[in-house]
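What follows is one structure encoded as structure tokens, with my remarks underneath.
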Amino acid sequence: MSEILGHLPSADGTFGFSKLPLFFEEPEREALLIQYGAAPGGFILTRPMAEGGTSISAFFVVRALRRRGVGRQAALQLLRSRPGAWAIAFQEANAGAARLWRGVATAAVGSAWYEETRPVPPPAPTNLPEDHWIFLNSDA
């Protein structure tokens, strides 16, 4: 999202993500690696939603593999391997993500998904645009 929102890395060259340790410490959260042959191609972070179901909290595919179907295949494999309610948030300004997630939702469940906007939850900066959320049930 740094490209879309203009975020810069810290002085050490990293981007802060204070919640990352939770995906390794809390058993209901998961950190999944996207493999491309023998190479890591990206990652997916999932967490339970307070209202039930699972959220894809973060999804990343390395730039060299984008627009090759790697992300779509990984997302569909995840949704199909774990039937149930899913929530996927993205920023509309990230046109690639918007296209990916709407296409994945349709491929996974046809037209049986819906989308809504929600404010970015605190402690995020208040100047961020609203999140777009896709909700679907891969049991359907």
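Decide, for the range 2-137, between rounded, prolate and oblate: order the square roots of the alpha carbon gyration tensor eigenvalues as a ≥ b ≥ c, take rounded if a/c falls under 1.5, and otherwise choose prolate if a/b is larger than b/c, else oblate. Because its axes are fairly even, with a/c under 1.5, the range 2-137 counts as rounded. Do any GluC sites (Glu not before Pro) in the range 21-63 lie in a loop, going by DSSP, with at most 15 other beta-carbon atoms within 10 Å of their beta carbon, and if so which? Listed in order of number, the matching sites are GLU28, GLU51. Testing the spin-label approximation: label points 7 Å from Cα along Cα→Cβ at ARG63 and TRP133. State their distance in nm. The answer from the label model is 3.2 nm.
Suppose R0 equals 30 Å. What FRET efficiency, 1/(1 + (r/R0)^6) with r the Cβ-Cβ distance, do ARG102 and PHE43 give to the nearest 0.05? Calculated transfer efficiency: 0.90.
None of the figures in this text is laboratory data; all of them are computed from the coordinates on show. Owing to the predicted nature of the structure, the values given are computational and were not obtained by experimental measurement. Cβ: placed from backbone, ideal geometry, glycine included. Neighbour counts: every protein chain shown.
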